[in-house]
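Notes follow the structure.
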Amino acid sequence: MNVLETKNAPGAIGPYSQGYEVNGFVYTSGQIPVDPATGEVPAGIAAQAEQSCKNVGAILEAAGAGFDKVFKTTCFLADMGDFAAFNEVYAKYFTSKPARSCVAVKALPKGVLCEIEAIAAK
């Protein structure tokens with residue numbers, strides 16, 4: 001098992017890792033839309049979805065994988081009313097159309113609007 005860590009994604013805000021590589025698979029922790037350079041969260045679902053995707057991509061890259069290797073994602077939305085706008089951004093990154101679960105939750109860390117986790121092959 002290899003712990004994944006990159007400065008190109010936000011550091012963990014709790015007792016967990018950004019991700020793991022295990023037996024040729026990459027597992028990312030849920031990525032909220034925190035800009036790793038500034039610590040800021042952009043406004044609006046489109047900008048937040050964009051940043052969350054970039055953060056997932058940075059962890060995949062640190063593992064030597066990419067969006068094209070993702071076969072499963074789990075997405076969390078604070079408001080299912082944001083589903084269409086979230087999908088529009090998500091589709092630009094996850095072009096291989098991995099299996100996905102997308103659920104609305106009561107709240108997310110730091111009051112963000114979305115979170116994405118991914119599982120990929122190397």
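Selection among GLN48, PRO109, PHE71 by position relative to the dipole of the chain gives PHE71 as farthest towards the positive end (Cβ unit charges, Cα centre).
Can you compute the FRET efficiency between ALA47 and PHE71 using 1/(1 + (r/R0)^6), with r the Cβ-Cβ distance and R0 = 22 Å? Round to the nearest 0.05. Computed FRET efficiency for ALA47 and PHE71: 0.25. Helix content alone sets the calculated 222 nm mean residue ellipticity of the chain: runs of n ≥ 4 DSSP H residues at -39500 (n - 2.57) each, divided across all residues, give -7500 deg cm²/dmol.
Only aspartates and glutamates eight or more places from LYS110 in sequence, or on another chain, were considered; those with a Cα closer than 14 Å are ASP35, GLU40.
Contact order normalised by length for segment 21-122, with contacts defined as Cα pairs under 8 Å and 6 or more residues apart; what percent is it? Could the numbers behind the result be given before it?
On the way: 194 pairs, mean separation 43.9, N = 102.
It comes to 43 percent, rounded to a whole number.
Relative to the longest principal axis of the Cα atoms of the chain, the long axis of helix 83-93 makes an angle of roughly 30 degrees. With both partners inside segment 68-122, how many of the DSSP beta bridges are antiparallel, as a percent to the nearest 5? The answer is about 55 percent antiparallel. Remark: the chain carries 51 Å² of accessible area per residue (probe radius 1.4 Å; ligands, DNA and RNA excluded). Straight-line cross-link partners of LYS92 among the aspartates and glutamates, defined as a Cα under 14 Å from its Cα and at least 8 positions apart when in the same chain: GLU50, ASP68. Of the solvent-accessible surface of the chain, computed with a 1.4 Å probe and all protein chains present, 53% belongs to carbon and sulfur. Straight Cα distances below 20 angstrom link LYS122 to the lysines LYS54, LYS69, LYS72, LYS97, with same-chain residues fewer than 8 positions distant left out. Within the chain, DSSP assigns beta bridges of which about 75% are antiparallel (rounded to the nearest 5). Accessible area per residue (1.4 Å probe, heavy atoms of protein chains only) ranks ASP79, ASP68, ASP35 as ASP68, ASP79, ASP35, with the largest value leading.
The values are calculated or read from the model by the stated rules, or taken from the named source; none is laboratory data. These numbers were taken from a predicted model, which means no experiment stands behind them. Virtual Cβ from ideal backbone geometry, glycine too; neighbours counted across all protein chains shown. All accessible areas refer to the heavy atoms of the entire protein, side chains included, with ligands and DNA or RNA removed. Shrake-Rupley method; radii C 1.70, N 1.55, O 1.52, S 1.80 Å.
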